Amino acid sequence: MEIFIQQLVNGLTIGSIYALVALGYTMVYGVLKLINFAHGDLVAFSAYVGLVIMMQLAGVISSSVVIIVLVFIFTAIIISAFGVLLERLAYKPLRKAPRLSAVVSALGASLIIENGIMLIWGPRPKIFPSNIVPNINWNIGGVYIGLMQLLVLVISFVLMFVLYFFVNQTKLGAAMRASAIDQDAARLMGINVDRIIMITFIIGSALGSVGGLFIGMYYRGIYFNMGWIYGLNAFVAAIIGGIGNIPGAMLGGMLLGIFNALISGYLSSSWALALTYVLLIVIMIFRPTGILGERVAEKV
Amino acid sequence: MSNKEKLLVVENLEVSYGSIEAVKGISFDVYKGEVVTILGANGAGKTTTLRTISGLIKSKSGSIKYKNFELTSMSAHKIVSLGISQAPEGRRVFGILTVEENLKLGAYTKKTFNPATLSWIYELFPRLKERKKQLAGTLSGGEQQMLAIGRALMSEPEMLLLDEPSLGLAPVLVKTIFETIKHIKLSGVTVLLVEQNAKAALKLADRGYVLEVGKIVFKGASKELLESPEIQEAYLGKKK
């Protein structure tokens with residue numbers, strides 16, 4: 001039982017990170033019907049950018065709380081700007097082109113970012129400093145939970161709650177949902193769809209950057225092509241939850257994290273990836289649109 | 001009508017999809033407070049004309065003047081804030097949003113949401129009020145059409161573009177919809193109505209234009225058109 005709860009805690013931690021990254025895929029898919037394959041690499045890039053900012057700040061500021069807060073803010077701003085740039089350069093010129101062209105452009109952008117990271121920081125892994133977040137662990141009835149895990153869980157849940165509120169309760173959020181359903185009809189409401197797409201990229205990239213920083217701070221080792229594997233897992237999470245559906249991405253991320261952790265706990269971590277795809281296939285067989293995808297039939 | 005202000009002036013408008021010309025140099029105008037109808041069969045270019053006015057498609061040449069603004073170079077969301085809104089062909093309601101969410105999106109260009117407009121729309125279409133919490137995709141075709149018109153009115157437009165509001169509706173519903181358009185006109189909104197149902201449209205409209213494969217072939221006051229033998233034969237189903 002203790003192993004189960006321990007793996008549940010670990011799984012929720014990893015799951016929150018997957019969920020944050022999955023939101024970027026699902027939101028962009030929602031408005032553009034495009035899988036932004038470069039998103040995972042932007043997440044990897046954010047870990048490197050965050051590390052650079054952290055090392056610079058560490059020389060100037062002594063309080064690690066201030067450093068962490070500033071690292072998150074600056075990284076989110078920089079990665080959002082890159083997200084917008086990515087959309088302008090790689091996707092906007094192809095808005096009216098066939099779907100496949102945009103997918104190829106996304107794959108190209110992914111390779112450019114991945115190899116760009118390698119050119120700048122080299123092919124060897126970089127290590128996040130261990131003393132930024134104090135290594136505190138609590139033992140609650142035999143189950144260990146670390147300060148870093150707690151941070152990941154709390155910050156992820158707060159961000160997801162804020163996003164959910166924004167999308168469902170604000171005027172801009174409603175415009176985003178409308179643009180995802182029918183772009184021309186949204187334009188007829190007076191919605192500037194191009195601006196909505198830009199905001200979507202900003203939010204998706206900012207959430208992804210938080211995910212990337214968590215990967216760096218939680219696992220500590222980062223490498224130039226890690227965007228591929230984290231991106232793939234998060235993408236699978238988005239599909240499991242129902243691509244285009246925001247609560248779906250959150251749910252899919254959590255499920256995948258817990259599933260991975262349980263496999264690693266009871267079987268072996270080397271099985272985790274293989275069985276992830278078995279899970280994906282099984283879910284796709286029974287719910288082709290994902291767990292929360294497209295529940296409502298539209299009448300014509 | 002000549003003492004009144006021209007609200008919309010379309011001149012030599014040409015629109016094409018790739019190499020196919022859908023609208024081949026049409027000119028027409030709409031005065032403030034009028035209901036003007038554009039009639040024509042499928043593929044005559046009616047929808048293309050409305051979509052071009054709303055800025056969803058770019059024209060090849062010609063001009064669309066609304067008050068003093070040239071619309072052909074303006075993006076769609078700006079045109080809505082100038083006071084032109086459209087209930088598009090096929091209704092295009094946001095199916096997975098509720099009726100009320102759809103209506104509120106119609107008021108997107110308004111800085112502050114005006115509850116009086118919403119209650120006016122609920123007065124026009126009591127059915128929508130009954131179903132305000134329901135998802136728009138679960139409404140019947142007629143109710144979706146009411147929603148599409150109501151949603152377009154939420155921006156408090158000066159000019160309302162209606163694209164085949166009667167399409168696919170039962171005759172009794174067509175009557176209701178046209179009755180409502182009359183009310184909308186009386187409230188001071190100028191209406192440009194695109195229709196295949198020529199009889200109903202001409203009974204309601206002040207003037208009409210007839211479009212055939214991208215060109216205007218007839219124009220005139222509704223009464224003249226209703227009485228014209230060519231129109232009667234081709235569009236009203238009467239034999240000479």
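None of the figures in this text is laboratory data; all of them are computed from the coordinates on show. The structure presented is a predicted model; accordingly, all values stated were derived computationally and were not measured. Cβ: placed from backbone, ideal geometry, glycine included. Neighbour counts: every protein chain shown.
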Exercise. Could you give the radius of gyration (one decimal) and Dmax (whole number) of the Cα atoms in the stretch A:179-300, in Å?
Worked result: 17.3, 54
For this session: Extending each Cα 7 Å along its Cβ direction at B:Lys110 and A:Leu89, get the distance between those two points in nm, one decimal.
Result: 4.3
Exercise. With each label point set 7 Å from Cα along the Cα-Cβ vector, what nm distance links A:Ile127 and B:Ala41?
Worked result: 8.0
For this session: Taking the Cα centre of the stretch A:20-238 as origin, sum charge times position over the Cβ atoms of Lys and Arg (+1) and Asp and Glu (-1), and report the length of that vector in debye to the nearest 20.
Result: 300
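Quick one: if you take sqrt(5λ) for each eigenvalue of the C-alpha gyration tensor of chain A, what semi-axes come out, biggest first, whole angstrom? Kindly include the intermediate steps, with their values, before the conclusion.
On the way: eigenvalues 182, 115, 69 Å².
They are 30, 24, 19 Å, listed largest first.
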For this session: May I ask which of B:Lys129/B:Lys203; B:Lys185/B:Lys223; B:Lys67/B:Lys110 have a Cα-Cα span longer than 23 Å here?
Result: B:Lys129/B:Lys203
Problem set entry | Positive-end extreme of charge dipole, the stretch A:20-238 - chosen from A:Val193, A:Ile120, A:Val66 (charges on Cβ) | A:Val193
Exercise. In degrees, nearest 10, range 0 to 90: what is the angle between the Cα axis of helix B:171-186 and the longest Cα principal axis of chain B?
Worked result: 90
Problem set entry | For B:Val213, net neighbour charge (Lys/Arg +1, Asp/Glu -1) across residues whose Cβ lies under 15 Å away | 0
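Quote to one decimal, in nm, the extra length available between A:Leu273 and A:Leu151 on full extension: 0.36 nm per residue of separation minus the C-alpha distance between them. Working shown, then result.
Values: separation 122, 0.36 × 122 = 43.92 nm, distance 2.56 nm.
The span from A:Leu273 to A:Leu151 would gain 41.4 nm if fully extended.
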Exercise. B:Glu224: net charge of surrounding residues, Cβ under 14 Å, Lys/Arg +1, Asp/Glu -1, itself excluded?
Worked result: +1
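Report the calculated FRET efficiency for B:His183 and A:Thr170 (r = Cβ-Cβ distance, R0 = 45 Å), to the nearest 0.05. Don't skip to the answer; put the middle values down first.
Working: r = 33 Å, r/R0 = 0.73.
Result of the calculation: an efficiency of 0.85.
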For this session: Determine the shielding of peptide A:172-181 by partner chains: average, over its residues, the number of Cβ atoms on other chains within 10 angstrom of each Cβ.
Result: 3
Seminar exercise, completed: PRE zone check, label point 7 Å out along Cα-to-Cβ of B:Lys175, amide N under 19 Å, scope the stretch B:183-218, hits B:183-184, B:197-205
Exercise. If the cut-off is 17 Å between C-alpha atoms, which aspartates and glutamates fall inside it for A:Lys96, apart from same-chain ones fewer than 8 positions away?
Worked result: A:Glu87, A:Asp182, A:Asp184, A:Asp194
Seminar exercise, completed: Helix B:141-153: inclination vs chain B longest Cα principal axis, degrees, rounded to 10, gives 90
Exercise. Which residues does a label at A:Val65 reach in the stretch A:129-158, if reach means a backbone N under 14 Å from a point 7 Å past the Cα toward the Cβ?
Worked result: A:133-134
Seminar exercise, completed: Expected integer from the mean partner chain Cβ neighbour count at 10 Å over B:75-82 is 5
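Based on the Cβ-Cβ distance from A:Asn135 to B:Glu130, what FRET efficiency comes out when R0 is 51 Å, to the nearest 0.05? Kindly include the intermediate steps, with their values, before the conclusion.
Values: r = 61 Å, r/R0 = 1.19.
Calculated value: 0.25.
Where the convex hull is taken over the Cα atoms of the protein assembly as shown, what is its projected area averaged over directions, in nm²?
Working: hull surface 120.0 nm².
Result: a mean projected hull area of 30.0 nm².
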Seminar exercise, completed: Rounded to the nearest 10, the angle in degrees between the Cα long axis of helix A:226-241 and the longest principal axis of the Cα atoms of chain A comes to 60
Problem set entry | Label point 7 Å beyond Cα of A:Ile5 along Cβ direction - residues of the stretch A:129-144 with amide nitrogen under 18 Å | A:137-144
Exercise. Say R0 is 45 Å: what FRET efficiency, to the nearest 0.05, do B:Met74 and A:Leu232 get from their beta-carbon distance?
Worked result: 0.55
Problem set entry | Set of aspartates and glutamates with alpha-carbon distance to B:Lys111 below 13 Å, sequence-local pairs under 8 removed | B:Glu156
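Viscosity 0.692 mPa s, temperature 37 °C: what is the translational diffusion coefficient of chain B from Stokes-Einstein with a Kirkwood Rh over Cα pairs, rounded to a whole number of µm²/s? Can you show the working numbers first?
Values: Rh = 18.1 Å.
Roughly 181 µm²/s, to the nearest whole number.
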Exercise. What residues have an amide H closer than 5 Å to that of B:Arg207, excluding those fewer than 5 places away on the same chain, when H is modeled at 1.01 Å from N in the peptide plane?
Worked result: B:Val35, B:Thr37, B:Ser222
